[in-house]
Amino acid sequence: MAELLRKELAERRPDLLVIADMIPREDGVRVLDLGCGGGSLLRLLREEKGIHGIGVEISQDKIVKCIASGVPVIHMDLDNDLMFIENDSFDYVALSRTIQAVRRPDLLIRQMLRIGTLGVISFINFGYIGIRWQLMINGAMPETKTLPDHWFDTDNIHLGTIHDFRRLCSDIGVNIVREVPLGNSPFLTKLNPNLFAPTCVFVIARR
Amino acid sequence: MDKKEHTRRLIVKPLDFTFGETEEDALLLDCGKKLTKANIRYETYGQLNHAGDNAVLILHALSGDAHVAGYYTENDEKEKPGWWDDMVGPGKPINTNQYFVVCSNVIGGCSGSTGPRSVNPETDRLYNMDFPVITIADMVRAQHRLMKHLKIDKWLGVIGGSMGGMQVLEWARLYPEQIQCAIAIATTPRLSPQSIAFNWVGREAIKTDPKWDNGNYTDTVPDKGLATARMLAHVTYLSDESMKRKFGRVLQKSKNYSFDFNRDFAVESYLEYQGLRFVERFDANSYLYITRAMDYFDMSASAAGNLTKALAGVKCHMLVISFTSDWLFPTSQSRELVRALLNNNVHVSSCEIKSSYGHDAFLLETETLGKMLADFLRIQREVMRNG
């Protein structure tokens with residue numbers, strides 16, 4: 001089961017595998033997955049490491065999916081409802097490919113680190129060369145595999161680059177503990193993540 | 001499933017369980033009094049398996065009864081099925097081919113279980129207002145007696161909407177070891193002042209009906225009072241949108257206003273009908289007692305108002321469901337519950353289902369609700385089997 005899921009995610013959501021691998025197999029480790037979708041990450045954590053995390057999701061259809069695969073999920077709106085969760089109630093708070101869709105990413109980061117000790121964020125990098133290329137050559141908002149919607153109907157209202165994310169963390173006093181850029185060429189990705197990594201996973205903590 | 005089985009009626013038979021014959025066996029109530037020689041009317045569907053891991057308890061709402069699904073007769077065409085027939089039965093979301101389903105009438109009720117219109121064994125006359133005031137927890141303690149009688153060690157699930165959901169929460173608090181999972185639908189951890197207010201007005205309607213006679217009515221029941229209480233309550237079960245859709249401003253009979261105070265509008269006619277039908281099947285004194293039990297319902301009371309502390313012992317997996325247009329038990333109240341459960345590290349899921357039906361959605365949104373409940377029970381059964 002776990003292998004099959006891992007294989008499927010390697011294709012579809014490699015960032016989730018990176019996040020899953022960052023969370024240690026420890027007894028009683030508490031994981032909250034914000035914007036958990038159909039619950040893939042939490043299922044992987046349950047099946048590979050026996051970790052029983054909880055998801056937060058706004059879409060009724062996705063909640064139905066979570067329940068069908070036995071993933072606990074809370075129906076909430078990340079923009080408004082997170083204050084209902086107590087301080088320090090989780091060890092890891094994950095946020096995968098979601099931060100660009102909330103109304104105030106900066107406030108959400110603060111909320112994440114209020115609720116949890118560590119935040120794990122996978123970030124769509126708008127500085128990626130493929131995106132820059134489209135914008136430069138076509139002079140139009142890029143449409144990619146990870147950003148498939150039009151500029152006018154997309155949920156992704158706060159796109160930024162890896163540079164932007166680092167600067168935001170610095171401005172609001174958040175530590176970047178780890179940074180794992182994901183790209184096709186390990187060499188180039190390492191050389192200049194902001195240019196060559198379409199996605200980057202950050203682990204953040206309170207300063 | 002073949003077509004024949006689909007069309008064949010699920011026939012059920014009401015059963016009775018009596019307890020409290022002796023002083024020791026009597027049910028000690030929250031008010032301090034004891035209930036002796038109490039009867040519980042219940043129905044069962046499906047078979048309890050050898051492992052005993054397929055028992056599901058369903059708890060009914062204020063005006064419900066033990067008849068959750070199926071029919072009493074083979075071919076009486078006028079007979080309506082049980083109140084949650086879309087959800088419970090062979091091949092239905094709560095599949096009675098797989099699960100042993102139990103539903104009982106609450107104590108204080110008027111559909112077979114001991115209530116204010118039962119005979120007081122001490123006086124050989126009807127209890128009426130001498131019936132002790134009961135609580136939601138008392139109802140649950142009585143159901144626990146039935147559980148022992150049925151030789152069930154652990155419920156796979158306890159499920160209920162509205163007042164049934166309150167009983168679900170009391171089950172989770174009082175008997176944490178004896179539940180695998182709990183599903184609380186369109187409910188609240190404590191009755192809001194708004195709901196208490198509606199209950200009060202409903203009871204006043206009954207008590208000010210001259211026929212009520214301090215609860216000692218005989219053949220002439222306080223029908224006007226009870227019907228008024230029901231009409232008021234019924235409005236709280238609907239939503240502005242559902243009423244607009246169902247009735248609009250449509251006039252019932254004529255094209256013009258009557259310019260008097262008889263019913264003109266379809267919505268007035270509907271409410272009147274609901275009131276009349278209710279009086280045929282429900283008892284006024286029971287209405288007083290059951291609404292009072294709801295008024296007193298406050299899960300946090302056992303921990304001086306701290307809901308998190310009050311729920312500290314909850315062990316089962318929980319599913320909390322609310323509906324967008326339910327303004328009687330709005331999502332904010334479910335969320336308060338979810339928050340307290342999260343604080344206790346309970347495995348909890350929640351969903352606010354989109355619906356325009358208002359509070360009644362828990363009876364009507366059977367498609368979404370059915371899928372969620374079926375999936376949740378299926379997973380929980382695996383969890384229970386794997387220990």
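Here are the numbers for this structure:
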item	result
Subset of segment B:144-169 (residues that are of a type outside the set (A, V, I, L, M) and over 13 Å from the mean Cα position of the chain (by Cα))	B:His144, B:Arg145, B:Lys148, B:His149, B:Lys151, B:Asp153, B:Lys154, B:Trp155, B:Gly157
Failed criterion for B:Thr366 (all others in (1) out of contact with any helix residue (DSSP H, G or I) (no Cβ under 6 Å at 6 or more places or on another chain); (2) at negative phi; (3) within 10 Å of another protein chain (Cβ to nearest Cβ); (4) surrounded by fewer than 22 Cβ atoms within 10 Å (Cβ to Cβ) hold)	(3)
Meets criteria (in the same structural domain as B:Glu177 (by TED's automatic domain parsing), without any contact (Cβ under 8 Å) to a residue 60 or more places away in the chain, among the β-branched types (Val, Ile, Thr) and farther than 17 Å from B:Ile185 by Cβ) for B:Ile379	yes
Test: residue in segment B:339-353 that is in contact (Cβ under 8 Å) with a residue 40 or more places away in the chain, closer than 22 Å to A:Glu86 by Cα, within 11 Å of chain A (Cβ to nearest Cβ) and surrounded by 17 or more Cβ atoms within 10 Å (Cβ to Cβ)	yes
Breaking point among (1) in a helix (DSSP H, G or I); (2) within 10 Å of another protein chain (Cβ to nearest Cβ); (3) in contact (Cβ under 8 Å) with a residue 24 or more places away in the chain, for A:Val64	(3)
Only one of A:Arg97, A:Arg46, A:Arg25, A:Arg13 that is over 14 Å from the mean Cα position of the chain (by Cα) and away from chain B (no Cβ under 14 Å)	A:Arg25
Helices (runs of 4 or more DSSP H) contained entirely in segment A:112-191, each with at least 1 residues that are within 30 Å of A:Arg30 (Cα to Cα)	A:162-171
Matching residues in segment A:72-93 - criterion: being within 10 Å of another protein chain (Cβ to nearest Cβ) and assigned to a strand (DSSP E or B)	A:Val73, A:Ile74, A:His75, A:Phe90
Residue match in segment B:234-247 (condition: in a loop (DSSP other than H, G, I, E, B), out of contact with any Gly (no Cβ under 7 Å at 6 or more places or on another chain) and within 25 Å of B:Ile107 (Cα to Cα))	no
Meets criteria (surrounded by 18 or more Cβ atoms within 10 Å (Cβ to Cβ) and either of a type in the set (Ser, Thr, Tyr) or touching a residue at least 40 places away in the same chain (Cβ under 8 Å) (or both)) for A:Ser59	no
Answer from B:Leu311, B:Leu271, B:Leu232 - the residue that is touching a residue at least 12 places away in the same chain (Cβ under 8 Å) and in the same structural domain as B:Tyr357 (by TED's automatic domain parsing)	B:Leu311
One residue from A:Ser59, A:Ser69 being touching a Gly at 6+ places or on another chain (Cβ under 6 Å), within 11 Å of chain B (Cβ to nearest Cβ) and not hydrophobic (A, V, I, L, M, F, W, C)	A:Ser69
Per-region count, segment B:37-52, residues touching a residue at least 24 places away in the same chain (Cβ under 8 Å) and farther than 13 Å from B:Arg145 by Cα	9
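Table: residues versus (1) at pLDDT below 95; (2) among the β-branched types (Val, Ile, Thr); (3) under 17 Å from the mean Cα position of the chain (by Cα).
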residue	(1), (2), (3)
A:Phe126	no, no, yes
A:Trp133	no, no, no
A:Met136	no, no, no
A:Phe152	no, no, no
A:Phe165	no, no, yes
A:Glu179	no, no, yes
A:Pro186	yes, no, no
A:Leu195	no, no, no
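The values are calculated or read from the model by the stated rules, or taken from the named source; none is laboratory data. Since the model is a prediction, treat every value here as computed from it, not as a measurement. Please note: Cβ atoms are built from the backbone with ideal geometry, for glycine as well, and neighbour counts cover all protein chains shown.
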